[in-house]
1. Looking at region 76-100, which of its residues are outside any helix (DSSP H, G or I) and crowded, with 18+ Cβ neighbours inside 10 Å?
2. For residues in region 231-259 being farther than 18 Å from residue 205 by Cβ and touching a helix residue (DSSP H, G or I) at 6+ places or on another chain (Cβ under 7 Å), which is surrounded by the fewest Cβ atoms within 10 Å (Cβ to Cβ)?
3. Out of everything in region 161-181 that is in a strand (DSSP E or B) and closer than 13 Å to residue 200 by Cα, what residue ends up being nearest to the ligand (Cβ to nearest atom)?
4. Restricting the search to region 113-150, which residues are under 25 Å from residue 182 (Cα atoms) and surrounded by 23 or more Cβ atoms within 10 Å (Cβ to Cβ)?
5. Quick check on region 279-296. Is at least one of its residues within 16 Å of the ligand (Cβ to nearest atom) and either touching a residue at least 12 places away in the same chain (Cβ under 8 Å) or surrounded by 14 or more Cβ atoms within 10 Å (Cβ to Cβ) (or both)?
6. Can you pull out every residue in region 122-142 that is closer than 12 Å to residue 100 by Cβ, near the ligand (Cβ under 9 Å from one of its atoms) and part of a helix (DSSP H, G or I)?
7. Can you tell me how many residues within region 217-236 are within 14 Å of residue 155 (Cα to Cα) and either away from the ligand (no atom under 14 Å from the Cβ) or in a loop (DSSP other than H, G, I, E, B) (or both)?
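The values are calculated or read from the model by the stated rules, or taken from the named source; none is laboratory data. Because the structure is a prediction, the values reported are computed rather than measured. Note that each Cβ is placed from the backbone with ideal geometry, even for glycine, and that neighbours are counted across all protein chains shown.
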Ligand SMILES: Cc1ncc(COP(=O)(O)O)c(C=O)c1O
């Protein structure tokens, strides 16, 4: 049956099929971190042997936020035991209810309520396949003809991809680098109109590595209330903080403005491959019931797939049995990596790092192209860097911020040091001679 011509007839030509590609869908790959990183890595020539690169050097992956492969970020045996027990029990081999298993929803409600001034119930929690599916569901639930959604810039462009796919307009408000990447709330008020359904905040921040204060979140809530828009709080990096500000969940302000809290076990438990996330309606006043958001979420779940039942079955034990020491160890590793990153980046002249990261796994740095020769923009910088140094960074265009770079520091400290050293030698090799720089400014 090779070439589909096993029956002796010629294969049907493509023109015989009624399929036409969806141009919107094909255009969305520019908004995908995976696709941009694929393009960055395309020119890299990696040694066949054991992940080593040219000259035996390993690839340094500082482009995406998945530290699970590094020994210092490996998940705890407690989480593995929880999944193993769920599997061995034989009780989780069936399809699950669309909203998720009740014990898992109850334990997530209890876990999140510890940081809230009110109690969540299992009915406030919907299980999803990672935080990604939570975003996908919320975007579909909120979309209607003419609606628009406000997203941060720089930001996590998956929100834009899902909104555009659902026919929703995306409007961008700025995060202010000079104010610790706080939301430009005046800008939000200018952008919003009667068709604005929600605003997105990501806290702790991807891509900026910032953590919002209680006071700033209170202002976000007041602004949203005034404008009559919901807040979508992406808290996938919840509790991954190692600076001045402690993590405050947006749900604390749920009685000021209704909040859709999105989260997952991907980052705090360092198991992104397990695909377990949630949507939580943080809304003690019942606005989401009255406005039929709850009914819409349930309707969407009726027509979508569920996270694996045995992972749902593991959630109560996973939450109860994970020891504080594991979380502390992860935070210590992140703090150490953030310190290394901050100190070492200071020594690279064409890169400016304004604020030290205090949460998540990322830092945004500004690229000064006027110091460099033979480099067009951030994408070109990352492609050439990957090719010459086997260091992978995410170009700012993938987070809506041209000519900046997002650096993931959540890797093994020795690799991080090596990666930044290689970044430095790349920058010196491509630097314009000082006299040129002087003449051009
Ligand atoms: C801000 C943000 N939201 C959502 C996600 C998706 O999370 P998950 O891996 O749980 O699907 C990510 C993943 O990196 C993220 O950075």
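1. Let us first name the residues in region 76-100 that are outside any helix (DSSP H, G or I), namely 76, 89-100.
76, 92, 96, 99, 100 - these are the residues of region 76-100 that are outside any helix (DSSP H, G or I) and crowded, with 18+ Cβ neighbours inside 10 Å.
2. We begin by selecting, within region 231-259, every residue farther than 18 Å from residue 205 by Cβ; these are 254-258.
Pick out the ones that are also touching a helix residue (DSSP H, G or I) at 6+ places or on another chain (Cβ under 7 Å) and you get 256-258.
Details: 256: 16, 257: 24, 258: 27.
Going through the qualifying residues, I end up with 256.
3. From region 161-181, those in a strand (DSSP E or B) are 169-176; that's our starting set.
Then drop every residue that is not closer than 13 Å to residue 200 by Cα, which leaves 170-175.
Details: 170: 15, 171: 19, 172: 16, 173: 16, 174: 17, 175: 13 Å.
Within region 161-181, the match that is nearest to the ligand (Cβ to nearest atom) is 175.
4. Within region 113-150, 131, 134, 135, 138, 139, 149, 150 qualify.
5. Yes - at least one qualifying residue is present in region 279-296.
6. Scanning region 122-142 gives 133, 134.
7. Count: 2.
Condition check ((1) surrounded by fewer than 23 Cβ atoms within 10 Å (Cβ to Cβ); (2) touching a strand residue (DSSP E or B) at 6+ places or on another chain (Cβ under 8 Å); (3) under 24 Å from residue 42 (Cβ atoms); (4) modelled with pLDDT of 95 or more) across all residues:
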| position | (1), (2), (3), (4) |
| --- | --- |
| 342 | yes, yes, no, yes |
| 372 | yes, yes, yes, yes |
| 392 | yes, yes, yes, yes |
| 403 | yes, yes, yes, yes |
| 413 | yes, no, no, yes |
| 422 | yes, yes, yes, yes |
